[in-house]
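Working notes for the structure below.
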Amino acid sequence: MNKAVDAAGSVKAEAETEITLGLLSAVGDETRHSQRSLARELGIALGLTNAYLRRCVRKGLIKVSGAPANRYAYYLTPKGFTEKSRLTAQYLSNSLRFYRRARDEMDELLGRCAERGWKRIVLVGRSDLAEIAILCSLQRSIEIAGVVDATSNETRFLHIPVVRDLNALGPVDGVVLTDMVHAQAAYDALVAAGHAAIAVPRLLKVTPAQKRSA
């Protein structure tokens, strides 16, 4: 299986687990919710919230009862409470495993960057991996000039500037890829733009163009 497809599938599965857990937690807090308020709390579209609610109802995790003014009340079933506990444990376990692996890989990668003489770098992709890279950089003589993310409306990530265009940060010694959702596409775009000094964490499973063509 293509590594990029495998990584994308893993990210999708984790996102689905997070949304389902968030939905079960929101419904289980004994506060009456509408689909619209659930969507706001989860930070996802109303249509997606509806799809996940229907899926949970089909699985017997959530029950629906009528309420005044043509509204509906949502409750967790005993099976839903059990699944919420299971997903919580799974999510925390996966999060801890990811953090440990990402921290070790990023520390090693930044060490290689320092050996190359890179002193000023940029991160491409605002993500949990970027946050770990920023924390690891504090242990090394490497300045992170900024985080590049064309989809973000924020101007800072932790204490680091966020920009939409890498060129806005001025000269840098190298680029570290931290985009966890579109890692392969982000890498290919950097190569196409002529950036040669690119460092990629192994966990992103990016395949260089020459290997794909081979």
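The values are calculated or read from the model by the stated rules, or taken from the named source; none is laboratory data. What you see is a predicted model, and the numbers here were worked out from it, not measured in a lab. Backbone-built Cβ (ideal geometry, glycine too); neighbour counts: all protein chains shown.
Annotations
- Filtering the stretch 65-78 to residues that are surrounded by 13 or more Cβ atoms within 10 Å (Cβ to Cβ) and either among the hydrophobic types (A, V, I, L, M, F, W, C) or over 13 Å from VAL27 (Cβ atoms) (or both) leaves ALA73, LEU76.
- Some residue of the stretch 80-88 being free of Cβ contacts under 8 Å to residues at least 40 places away in the same chain, surrounded by fewer than 20 Cβ atoms within 10 Å (Cβ to Cβ) and under 21 Å from ILE160 (Cβ atoms): no
- Any chance LEU42 is under 20 Å from ALA15 (Cβ atoms), hydrophobic (A, V, I, L, M, F, W, C), modelled with pLDDT under 90 and not assigned by TED's automatic domain parsing to the domain that holds THR178: yes
- Flag if ALA199 is in the same structural domain as ASP128 (by TED's automatic domain parsing), farther than 21 Å from LEU110 by Cα and modelled with pLDDT of 90 or more: no
- The conditions of being modelled with pLDDT under 95 and either surrounded by 14 or more Cβ atoms within 10 Å (Cβ to Cβ) or touching an Asp or Glu at 6+ places or on another chain (Cβ under 7 Å) (or both) are not met by ARG212.
- Candidates in the stretch 146-172 are the residues that are closer than 19 Å to TYR187 by Cβ and aliphatic (A, V, I, L, M); of these, the one that is modelled with the lowest pLDDT is ALA150.
- Applying a threshold of 9 Å to beta carbon distances and a minimum spacing of six or more residues, or different chains, the list of pairs starting in the stretch 97-117 at a residue that is on the phi < 0 side of the Ramachandran plot and ending at one that is among the hydroxyl-bearing types (Ser, Thr, Tyr) reads MET106/SER137; MET106/THR178; LEU110/SER137; ALA114/SER141.
- Unmet requirement for LYS79, which otherwise passes all of (1) over 30 Å from ILE121 (Cα atoms); (2) at pLDDT below 90: (2)
- Residue within the stretch 84-103 that is within 14 Å of LEU21 (Cβ to Cβ) and either more than 23 Å from the chain's Cα centre (by Cα) or in a strand (DSSP E or B) (or both) present: no
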